[in-house]
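These notes concern the structure reproduced below.
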Amino acid sequence: MNKGIIYILLAVAIAVCFSPVQSVYAANASRMIGFSARDEAMAGATTASTEDTSCLVKNPAGLVRIGNRIDASYENILLHDVTLRPQGRPIPLAPIFNFTNADMIEQSNINYLPGGNAGVSYRIPGTDKYPISVGIGAFTIGGMALNYPSPRLNTAVLNPTGNNNYDKMLDLRSMRIAPGIAVGFTDKLSFGATANIELQGLRTNLAEVPGLTETGGAGDWDFAPGAGFTVGLLYQFNDMLNLGASYESHGWMGDHYKYKAVLPYIDEPPIVNFGIAFKPIKNWEFTYDTRYINWTDVKLARNAPKDGGFGWTDQWVFATGSEYTTFKDKLKLRLGYMYGKSPIQPNVIFTNALMPLILEHHLTTGFSYLLTKNLSLDFAWEHHFFNAMTDNGGDSADAIGTGTKVTAAVDILAAGLSYKF
């Protein structure tokens with residue numbers, strides 16, 4: 001065992017995962033696609049194909065399959081075409097007044113964000129008959145960040161006697177520490193579980209309703225802890241076929257006291273994953289995942305804007321990935337595609353203009369190369385295709401932003417190291 005490499009990787013993992021500047025612009029609404037360079041390169045379709053510690057998020061049953069290893073990856077999130085074009089129509093109480101900052105074309109000035117994931121797994125000695133593995137990881141789970149040059153609302157209604165340069169920025173970041181354990185009941189069936197220890201950071205300068213004054217907190221960071229769990233099953237029929245399933249519980253988050261008037265708490269949704277991994281030939285694997293994200297289980301996401309929520313619906317996500325091993329088993333080439341319809345509905349685009357989580361189509365690719373017998377270099381690229389959505393109006397609370405258009409596109413580059421010991 002090369003202890004020097006292990007110590008270096010552990011140091012990198014700690015530095016990546018606990019960096020105070022870590023952030024994201026997520027893909028499945030506010031959730032990331034993947035949690036390692038391999039997971040990302042295969043578009044997150046790894047519920048039944050576990051090869052690294054990203055299984056602590058996707059399917060902890062995979063811990064007994066991955067052996068003793070350390071994984072660490074760093075990512076650059078490159079945002080582009082994140083724009084807001086506010087429009088609106090007068091409401092009955094003020095038929096000649098527009099409450100939005102209409103006819104502006106605003107582009108977010110945040111175009112680069114860092115992120116990362118890391119984990120370690122270990123097979124407990126003496127558990128060969130019924131193998132038991134433990135692991136722990138720190139992962140960027142999701143979030144978003146943007147800052148427009150001008151407010152979303154008409155500056156005439158934003159504290160006209162003082163500062164009215166707010167309601168234009170929101171930065172949400174979610175990180176998870178996931179200790180886990182898995183046991184192999186047979187050589188085919190394994191079960192795993194993790195405890196999800198969450199940390200969520202929020203800063204914003206939203207306008208409070210009623211009054212449209214700037215929210216308390218005024219753009220300062222506010223952190224909240226949270227907790228949940230994940231359980232998973234993995235079944236290997238034979239060398240060609242694996243099935244996997246996992247359930248991630250509701251993530252119960254603490255209060256953001258500085259922002260209790262606008263975003264008091266932002267829970268994580270329950271998620272169900274089903275996956276299949278198929279190897280028609282020795283060197284080629286095909287994977288497919290179906291994911292159900294239960295946003296309506298989260299009060300803030302479920303409630304209509306007039307009730308202080310976002311007006312989201314639940315989300316089905318479909319992902320496929322492939323991995324081809326070549327060059328004397330030293331090189332693995334990967335390709336993936338994911339589709340997930342945005343949970344943001346057309347009648348609440350203006351309400352969600354500072355959370356334009358509208359990306360739906362995602363193409364991914366990447367590779368791993370064995371530098372030594374136990375050490376590999378991993379790379380992934382995600383392209384989140386440009387999307388645009390326009391507010392088509394709604395009830396009296398939503399309709400003030402009718403015609404508002406938001407756009408977004410993202411590319412993510414990730415690089416990592418994995419070491420088996």
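Computed over the alpha carbons of segment 289-413, Rg followed by Dmax gives 19.4, 64 Å. The share of C-alpha pairs in segment 369-421 whose separation exceeds 13 Å stands at 72 percent. Compared with the dominant Cα axis of the chain, that is its longest principal axis, helix 3-17 is turned about 20°.
The listed peptides 360-370, 343-353, 35-45, 406-416, ordered by packing as a protection proxy, come out as 35-45, 343-353, 406-416, 360-370 (highest mean of other Cβ atoms within 10 Å first). Entry note, the chain: relative contact order of 20 percent, from Cα contacts under 8 Å with a spacing of 6+ residues. Think of a 1.4 Å ball rolled over the protein heavy atoms: segment 83-217 then has 43 Å² of accessible area per residue.
With the radius of gyration and the Kirkwood radius both derived from the Cα set of segment 201-331, what is their ratio Rg to Rh? Provide the component values of the computation, followed by the final result.
Numbers: Rg = 21.1 Å, Rh = 18.0 Å.
Computed over Cα atoms, the ratio is 1.18.
Averaging the sequence gap over all C-alpha pairs within less than 8 Å and six or more residues apart, then dividing by the number of residues, gives segment 360-421 a relative contact order of 37 percent.
Obtain the radius of gyration and the Kirkwood radius of segment 140-244 from its C-alpha atoms and give Rg over Rh. Walk me through the numbers on the way to the answer.
Working: Rg = 22.6 Å, Rh = 17.4 Å.
Rg/Rh for segment 140-244 comes to 1.30.
Expressed as a whole percent, the accessible area of segment 254-383 that falls on carbon and sulfur atoms is 63 (1.4 Å probe). Proximity of backbone amide H atoms, modeled 1.01 Å from N, is registered between Asn28 and Ile33 at under 5 Å, excluding neighbours fewer than 5 places apart on the same chain.
Electrostatic tally near Ala178: other residues with Cβ closer than 12 Å to its Cβ, Lys and Arg +1, Asp and Glu -1, net 0. 3J(HN,Hα) couplings calculated from phi for segment 137-149 with the Karplus curve 6.51 cos²θ - 1.76 cosθ + 1.60 (θ = phi - 60°) are, in sequence order, x, 10, 9, 7, 8, x, x, 6, 7, 7, 8, 8, x Hz; Gly and Pro show x.
Residues whose amide H comes within less than 5 Å of that of Asp167, counting only those at least five positions distant or on another chain, are Asn205, Leu206, Ala207 (H built at 1.01 Å from N in the peptide plane).
Taking all protein chains into account, the per residue accessible area for segment 286-402 stands at 42 Å² (1.4 Å probe).
For the residue pairs Lys260/Lys306; Lys258/Lys405; Lys129/Lys330; Lys188/Lys328; Lys299/Lys405, alpha carbon separations beyond 21 Å are given by Lys258/Lys405; Lys129/Lys330; Lys188/Lys328; Lys299/Lys405. About its Cα centre, the chain has a charge dipole of approximately 980 debye under the convention of +1 per Lys or Arg Cβ and -1 per Asp or Glu Cβ, with nothing else charged.
3J(HN,Hα) along segment 237-249, derived from phi through the Karplus expression 6.51 cos²θ - 1.76 cosθ + 1.60 where θ = phi - 60°, amounts to 5, 6, 5, 9, 9, 10, 10, x, 8, 8, 10, 9, 6 Hz, with x in place of Gly and Pro.
Sorting 163-173, 118-128, 58-68 by their mean Cβ neighbour count within 10 Å, with the most densely packed peptide first, gives 58-68, 163-173, 118-128. Hydrodynamic estimate: the Kirkwood radius of segment 44-134 over Cα pairs, inserted into Stokes-Einstein at 20 °C and 1.002 mPa s, corresponds to D of 120 µm²/s.
The values are calculated or read from the model by the stated rules, or taken from the named source; none is laboratory data. Treat the numbers as computed from the prediction; the structure is a model and nothing was measured. Quick reminder, even Gly has a Cβ in these numbers, built from the backbone with ideal geometry, and neighbours come from all protein chains shown. Calculation scope for accessible area: heavy atoms of the full protein, side chains included, ligands and nucleic acids excluded. Shrake-Rupley method; radii C 1.70, N 1.55, O 1.52, S 1.80 Å.
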